[in-house]
Amino acid sequence: MHPAKVQLRGFGEREIENVLKATNAEVLKVKEGVDLYFSDVNDARFFISKLKRIFRVRIKMSTESMGFKSRGKYLFVYCLRREK
């Protein structure tokens, strides 16, 4: 089980409020948008697939190491930018 972060960029405030109702992720508002933290990457992927049905988004995926002591433990990072 790997944690995941979903970064929402380019969404309007109302759109973000509606999207956040459908998730149980930890929410952190940042200058560029909103970051959602999921405890399991599969939950994040399910959330992204639901979002893709509603909006046109461009997705970039990367990984970050969770530190030296937790070898093999990665944070999956998905950046979703809304296309207009």
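Counting only residues that are of a type in the set (Lys, Arg) and part of a helix (DSSP H, G or I), region 31-48 holds 1 of them.
Of all the residues in region 28-40, those that are among the hydrophobic types (A, V, I, L, M, F, W, C) and either surrounded by fewer than 13 Cβ atoms within 10 Å (Cβ to Cβ) or in contact (Cβ under 8 Å) with a residue 40 or more places away in the chain (or both) number 2. Considering only residues that are loosely packed, with under 12 Cβ neighbours inside 10 Å and either touching a residue at least 40 places away in the same chain (Cβ under 8 Å) or in contact with a strand residue (DSSP E or B) (Cβ under 7 Å, 6 or more places away or on another chain) (or both), look in region 65-83 and name the one that is farthest from Gln7 (Cα to Cα). In this case the residue turns out to be Ser65.
Of all residues being in a strand (DSSP E or B) and in contact with a helix residue (DSSP H, G or I) (Cβ under 8 Å, 6 or more places away or on another chain) in region 49-64, which is surrounded by the fewest Cβ atoms within 10 Å (Cβ to Cβ)? Just the residue, please. Out of the qualifying residues, it is Ile59. When region 1-27 is filtered for residues that are over 23 Å from Glu83 (Cβ atoms), under 11 Å from the mean Cα position of the chain (by Cα) and not charged (D, E, K, R), only Pro3 remains. Only a single item in (1) among the charged types (D, E, K, R); (2) touching a helix residue (DSSP H, G or I) at 6+ places or on another chain (Cβ under 9 Å); (3) modelled with pLDDT of 90 or more is not met by Asp35, and it is number (2). Condition first: surrounded by fewer than 18 Cβ atoms within 10 Å (Cβ to Cβ) and either assigned to a strand (DSSP E or B) or modelled with pLDDT of 90 or more (or both). Can you find one or more residues in region 15-25 that meet it? There is no residue in region 15-25 that is surrounded by fewer than 18 Cβ atoms within 10 Å (Cβ to Cβ) and either assigned to a strand (DSSP E or B) or modelled with pLDDT of 90 or more (or both).
The values are calculated or read from the model by the stated rules, or taken from the named source; none is laboratory data. None of these values were measured; they are calculated from a predicted model. Please note: Cβ atoms are built from the backbone with ideal geometry, for glycine as well, and neighbour counts cover all protein chains shown.
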